[in-house]
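A short write-up of the structure that comes next.
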Amino acid sequence: MIETLERVIRETEQETLKKMKIQNKVQEQSFQVAFCGHFSAGKSTVLNRLMGKDLLPTSPIPTSANIIRIQNGSLGLTIQNKEGVEQKWEGEIPWEQVRNFGMNGVDIHSITISAPLPFLNERSVIFDTPGVDSTDPTHQEVTMDALQETDLIVYVMEYNHVQSETNLNFLKQLTDENKPIYMIINQIDKHDEDELSFKHFDHSTRETLKNWGIHYLKLAYTSMKAHHHPLNDWTEVDEDIKTLLYFSNDLVPLANKRLLQGFYLRIMLRLEDDRNEAIQEIKDKMLHSGLNPNDIREREELLNKRSDLEGAKARLEQNFTKQWNDLVKNVTLFPYTTTELTRQWLEAMDPSYRVGWIFSKKKTDQARQERLQRLKNELEDKVQSLIIFHLQALFRSYDLDLLTNRHEVEAAIEKLTISLDYDFFTSSVQQGPKNRDYVFTYTKERTKEIVSRIKRQATHVLELIQIGMENYWTRERNSVSERLNQLRVVEQYVGEMNERKKRYDDVIVEYAREASQYKDEDRYESMLKSTMQRTLPTFAQHEWGEMTLPNESVIGVVEQEGSEAPNDRFDEKIAMKWIKELKSHFQNAGHHAVDEERKEILKRIKRFENRTFTISLFGAFSAGKSSFANALLGDHVLPVSPNPTTATVNVVKQSNHEHESGTALIEMKSEQTIRKEIELVSKQLEVDVSYETIQKWDHTKYTATSKWQKTYHAYLTMLKTGLSGQEDFLLDDSYSVSLNDVSPFIAKEERACLVQKVTIFYDCELTKNGVVLVDTPGVNSIHGRHTQVAFKQVQQSDAIFYVSYYNHSFSKADQLFLQQMAKVNDGFREDKLYFILNASDLASNESELNGVKNHVIQQLKNNGISEPRLFALSSKKGLSGKQSNEPDNPFQNFERTFYASTINDILKLSYMLIVDEIKKYKEILIESIDLIQSENDKKEEKEKELHAKLKHWKEEVSNTSYDVISQLSKQELQQLFVYLRERIRFQLNDNYQDIVNVTTVTGANKRTQKQTLRSALVEWLNEGDHFIKQELQATFVRIDAKIHLSINEWIDLLMVRIQNDFQSLSRPVEDMNHFQVDIRSRRFLEIEIDRYIQQFHSLRRFFEEGENRRWKEELVTKGTEHVQEQLKACEDETIIHLHSFIEQYVANIKEQFYDKLQRQSDRFYSLMNDTQLDILFTEEKKVNQFIKDGVSQLQK
């Protein structure tokens, strides 16, 4: 039957090829186990340990580029090149070349190693695959192709990257293909129980896998270094995998069934997509005919609505009856206390009951009445709380606005009550003893009576509601009938859709029957688990022959020299002593003529004392930024976790009078900020979600295909979760918490996504020295991409630490950011960049460490960092070394080097400025003494001369042109824009190749292929737009540096000229504002891609017949032209903003010059008739000593 139907709905070429591969595999009766994972997880190391020999290339950097097949047999090696030519070795193998073969993905097509591995039987085979996160798409394609016929996946993850999207996306794909997965989390020796309990980590990992819908056969933890680590499951893993391979003959039948079942299930999914596409074609035909395809869905909804309206009255009654029955079914109006009151009252009603002897009748009646009243009050309360209130709420939940008699119904609801009179209690009292059984019967009968009475009232209310709804029901029925008549025009399309749907469904049913033949009800997984319980025999030792394995790492081993602290270190303690004495002196009263100058000096001293140095941390997820920060701080201050924790900016600084050490200030985002984020992310996902509607958005119905779609989707989902649970805090507010309570605001993503900034106040040696530590979100996080936080932080930083992890190479996104940082850094007066190779203690030996350092340095140089300062450190050891006061700790050696070369230089510069100010102050004192000692006629002459000079220099300052600043800045800006416009074509072309390729455009049918193609093109547009914005932000920082440099040079030239006449004139203070242009909401790359999607025919035509190449050329050309137009417009706007910024900046500087020149005049006239020479002489002598002491400190 299927063969006949296939002529109508043919298999795709991919499916035919896949079927052939599966059939060959079934015929071979082989059992294939593939090892895969990201490149630094230790996959090849795990395999080497399994085999007992280091056959495969291992390195902290990517090395595998080929699938390596490993089988049991005599020692041998087969290499096949791209042309199909084989080269074989038997017995003697060139082991020194094997590793290089594995790394050569250009010339070599396949590698097969045969070795005496007795745990492999004649049918079991192992495959080692390239890293799933390789930046080379062909590596990903090779890996995915290899997994199509595998029977078991051993997926190796590195401890710090368990929750990376690369791992989760790949594992989800394997689960969707029904592949059994044996999961290994390697490098468990990195776990620190003090930072995070293993129980919590394990639970979090399993919860994440569960939430992603990832199924696995087993989850184990291993360490290839710490063999005796208490969490190391290697012995169990080794035995599990070897047992499965050894007894694989028993697994082959079920494994083959699983492959065949999977094949037919995938065809069914493809057919379902084809069916949907066929239905979509009919909808498209409706559109061309001027009809709205949504009318079909509306018609179906209206038919259902008409049916509902016709039985509305009966259904309302049925629903009420059900809700009423649920309400009273188990209602307990007589709990223990009420039952006890009932018993007491019934006891009092017995004729033999008596109270006292005197006036006993009156007392007895009174006692009976009191007991009845207590019973009545409690029972009425119970009825109100357990029935009446709920019943009223039920009626009020109806849409009362639709009623024509709303007021009458509301009044009836309000009157719902029950009053229990004397007769209610006494009418059913029977003669005889009032024992426990009687009391039970009495309360049961009274409950029934109460329920009956309330039911009568409720029925009356229901009847009123039904009467009030009649008009609405009639109106709606008429409206629905009228609309259905209008929609009769779509009925022919409905029929055609049903016909096509049936045609496809019939075929799908046939394939379902075929697939059901191979259904095993998870017997395959059960057999895998039971096989692992079998006992593996003891194997005889097999000789591998003479093996000479390379001793060195597969990467370079040249040792890099580390930087050392300069010998001429500025002595901060001696400087501070001098500053303190200077401050004390200037705080005392001096000569009135120099009061303003003294105040200026005190201001500069205060700035020196309150100095802060901003160190910003950048790096990718799991680079260990927070761990590095903690090592600098000397304690566990920032939360550290293998999960992403830095979602916003975290600042650590010294405590102050408002915030004591060990506290944190949490600043929440404003509602407006959240609104903008939702709008931006929704736009990226092409979904209609707003701040008001986000809680109604069903995130489970959105299918993300590209990497960034998944990231945006996860973030929007997190915002939804965070906003729904924000009862404990308000947006646009701030909270002070203890350090112990800060973790949820940083580490819990559903809360961190609502946090704008976290400032931690913590006193330690670092912060007491004025250092402010800023831990930034990853530059490619959503927060990093859509704010200008990265480059703003670069502008405000005195030093930048870029942290990378020992065995994680730079991604393409990291490399792009490094290139931009390199250009920005070149514009600063000093080199701000420091590169940290974190977790260097993971190196197996010094040779490997030097090789990795060489590799990182070369990568940095390739990305524009001409002389990178790289420090290989261990944050973990650095922190423990500080806490245990370990001598000669490498981390502290680095800190000393950094402090001497950067912080010390900044301190020295600030100190020198104070010395210069004191020198100018001395000149003022000398001039003042000279003026007082002058004869009157000389004073008059000096007055005229001063007046003339001041007039001249005020005019000169006013007329001094700053055109050269504007011209140089404009020229720099134009050059950078030209460079960017020239570069955009190459970037868009490179991005297209990375994003639109055989690994991203996939699918079992045309509809799915179109969806993945569209997602890839949207991602290409977004990545291109993001690249331009990052380049522009870097450009603005470079222009800002250029402006400040040019204005400083302009000030210096003007100062040299003015000081010819006014030697004591002090320098104006620079404006600390930065030049920036807000481009966040601007879109630079926009192309209508849907018309291209409509032209798509098949994957073969797209990739093999040149369609992709044609699209790329056309889209890149069109994108380049559009971006260049947008950049030209942006350039023109930026130039206008640039002129305005410089004009305001220069105006501020000129105003300071006017004030300082005027101060010369004010001081002159204040000294004209002054005779207090002794004060000035004493002051001049004291200041001279200060200058001498201050200069001597600089000369040490």
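Yes or no: the stretch 331-346 includes at least one residue that is under 30 Å from E463 (Cβ atoms) and outside any loop (DSSP other than H, G, I, E, B). Scanning the stretch 331-346 turns up no residue that is under 30 Å from E463 (Cβ atoms) and outside any loop (DSSP other than H, G, I, E, B).
May I ask you to verify whether E667 is without any contact (Cβ under 8 Å) to a residue 12 or more places away in the chain and assigned by TED's automatic domain parsing to the domain that holds D775? Criteria not met by E667.
Here Y216, Y182 are screened, and the one residue that is modelled with pLDDT of 90 or more and either within 22 Å of the chain's Cα centre (by Cα) or in a strand (DSSP E or B) (or both) is Y182.
Within the stretch 994-1006, identify whether any single residue is part of a loop (DSSP other than H, G, I, E, B), among the polar types (S, T, N, Q), touching a Ser or Thr at 6+ places or on another chain (Cβ under 6 Å) and farther than 24 Å from A1147 by Cα, and answer yes or no.
If we filter the stretch 994-1006 for residues that are part of a loop (DSSP other than H, G, I, E, B), which is where we start, we get 996-1005.
Keeping just the survivors that are among the polar types (S, T, N, Q) gives 997, 999-1000, 1002, 1005.
Narrowing the set further to residues that are touching a Ser or Thr at 6+ places or on another chain (Cβ under 6 Å) leaves 1002.
Now drop any that are not farther than 24 Å from A1147 by Cα, which leaves 1002.
So far as the stretch 994-1006 goes, yes, one or more of its residues are part of a loop (DSSP other than H, G, I, E, B), among the polar types (S, T, N, Q), touching a Ser or Thr at 6+ places or on another chain (Cβ under 6 Å) and farther than 24 Å from A1147 by Cα.
Considering the conditions (1) in contact with an Asp or Glu (Cβ under 8 Å, 6 or more places away or on another chain); (2) in contact (Cβ under 8 Å) with a residue 60 or more places away in the chain, E277 is excluded by exactly one of them, (1).
Among the residues making up the stretch 845-889, those that are in contact (Cβ under 8 Å) with a residue 12 or more places away in the chain and closer than 25 Å to D194 by Cβ are F871, A872, L873, S874, S875, K876, K877, G878, L879, K882, Q883, N889. Comparison of R985, R1080, R981 shows that the only residue that is within 25 Å of E1121 (Cβ to Cβ) and in a loop (DSSP other than H, G, I, E, B) is R1080. Kindly provide the set of residues from the stretch 728-769 that are assigned to a loop (DSSP other than H, G, I, E, B) and among the aliphatic types (A, V, I, L, M), ordered by number. Selection gives L730, L731, V742, L754.
Out of D990, D1052, D963, D1025, report the one residue that is surrounded by fewer than 16 Cβ atoms within 10 Å (Cβ to Cβ) and under 27 Å from the mean Cα position of the chain (by Cα). Working first, answer last.
Details: D1052 fails: under 27 Å from the mean Cα position of the chain (by Cα); D963 fails: under 27 Å from the mean Cα position of the chain (by Cα); D1025 fails: surrounded by fewer than 16 Cβ atoms within 10 Å (Cβ to Cβ).
The conditions single out D990.
Note on the stretch 473-528: residues that are in contact (Cβ under 8 Å) with a residue 40 or more places away in the chain, over 30 Å from L245 (Cα atoms) and not charged (D, E, K, R) total 15.
The residue pairs whose first member lies in the stretch 114-126 and is of a type in the set (A, V, I, L, M, F, W, C), whose second member is in a loop (DSSP other than H, G, I, E, B), and whose beta carbons are closer than 6 Å, counting only pairs six or more residues apart or on different chains, are A115/L75; V125/S30. Scanning the stretch 440-487 for residues that are over 30 Å from Y398 (Cβ atoms), surrounded by fewer than 18 Cβ atoms within 10 Å (Cβ to Cβ) and of a type in the set (V, I, T) yields one hit, T441. Taken as a whole, the condition of being touching a residue at least 12 places away in the same chain (Cβ under 8 Å) and either outside the structural domain of K18 (by TED's automatic domain parsing) or surrounded by 17 or more Cβ atoms within 10 Å (Cβ to Cβ) (or both) does not apply to V978. Within the stretch 577-592, restricting attention to residues that are of a type in the set (A, V, I, L, M) and touching a Phe, Trp or Tyr at 6+ places or on another chain (Cβ under 9 Å), which residue is surrounded by the fewest Cβ atoms within 10 Å (Cβ to Cβ)? Taking the candidates together, the pick is I579. Checking the structure you have, find out if any residue of the stretch 912-932 is under 30 Å from L632 (Cα atoms) and surrounded by fewer than 17 Cβ atoms within 10 Å (Cβ to Cβ). Scanning the stretch 912-932, I find at least one residue that is under 30 Å from L632 (Cα atoms) and surrounded by fewer than 17 Cβ atoms within 10 Å (Cβ to Cβ), so the answer is yes. With respect to being closer than 25 Å to D381 by Cα, aromatic (F, W, Y) and in the same structural domain as E380 (by TED's automatic domain parsing), Y472 falls outside the description.
Does Y493 satisfy the criteria of being buried (at least 18 other Cβ atoms within 10 Å of the Cβ) and within 30 Å of E15 (Cβ to Cβ)? Can you show your working first?
Numbers: buried (at least 18 other Cβ atoms within 10 Å of the Cβ): yes; within 30 Å of E15 (Cβ to Cβ): no.
It is false that Y493 is buried (at least 18 other Cβ atoms within 10 Å of the Cβ) and within 30 Å of E15 (Cβ to Cβ).
Pairing each residue of the stretch 16-35 that is over 26 Å from I241 (Cβ atoms) with any residue that is among the aromatic types (F, W, Y), provided the two are 6+ apart or on different chains, yields C-beta distances under 9 Å for K18/F263; K19/F263.
Among the residues of the stretch 233-240, some residue qualifies, meaning at least one is outside any helix (DSSP H, G or I), closer than 30 Å to A747 by Cβ and either outside the structural domain of G52 (by TED's automatic domain parsing) or modelled with pLDDT of 90 or more (or both). Annotation note: Cβ proximity below 6 Å between a residue of the stretch 136-162 that is in the same structural domain as Y182 (by TED's automatic domain parsing) and modelled with pLDDT of 70 or more and a residue that is among the aromatic types (F, W, Y) and surrounded by fewer than 23 Cβ atoms within 10 Å (Cβ to Cβ) (sequence gap 6+ or interchain) occurs for V154/Y182. Of the residues contained in the stretch 399-411, none is found to be under 56 Å from the mean Cα position of the chain (by Cα) and within 15 Å of V328 (Cα to Cα). Restricting K922, K938, K944 to residues that are in contact (Cβ under 8 Å) with a residue 60 or more places away in the chain, not assigned by TED's automatic domain parsing to the domain that holds I1047 and not in a loop (DSSP other than H, G, I, E, B) narrows the list to K922. Annotation: of all residues in the stretch 577-618 being in contact with a helix residue (DSSP H, G or I) (Cβ under 6 Å, 6 or more places away or on another chain) and among the basic types (K, R), the one that is farthest from S1064 (Cα to Cα) is K583. What are the residue pairs meeting all of these: first residue in the stretch 246-269, first residue under 17 Å from K529 (Cβ atoms) and touching a residue at least 12 places away in the same chain (Cβ under 8 Å), second residue in a helix (DSSP H, G or I) and aromatic (F, W, Y), Cβ atoms under 7 Å, and 6 or more apart or on different chains? Here the result reads L254/Y524; A255/Y524; R258/Y524, each pair linking the stretch 246-269 to a residue that is in a helix (DSSP H, G or I) and aromatic (F, W, Y).
Is it true that some residue in the stretch 322-329 is in a loop (DSSP other than H, G, I, E, B), free of Cβ contacts under 8 Å to residues at least 12 places away in the same chain and of a type outside the set (A, V, I, L, M, F, W, C)?
yes
The values are calculated or read from the model by the stated rules, or taken from the named source; none is laboratory data. Source: prediction; values computed, not measured. FYI the Cβ positions are ideal-geometry reconstructions off the backbone, even for glycines, and counts take in every protein chain you see.
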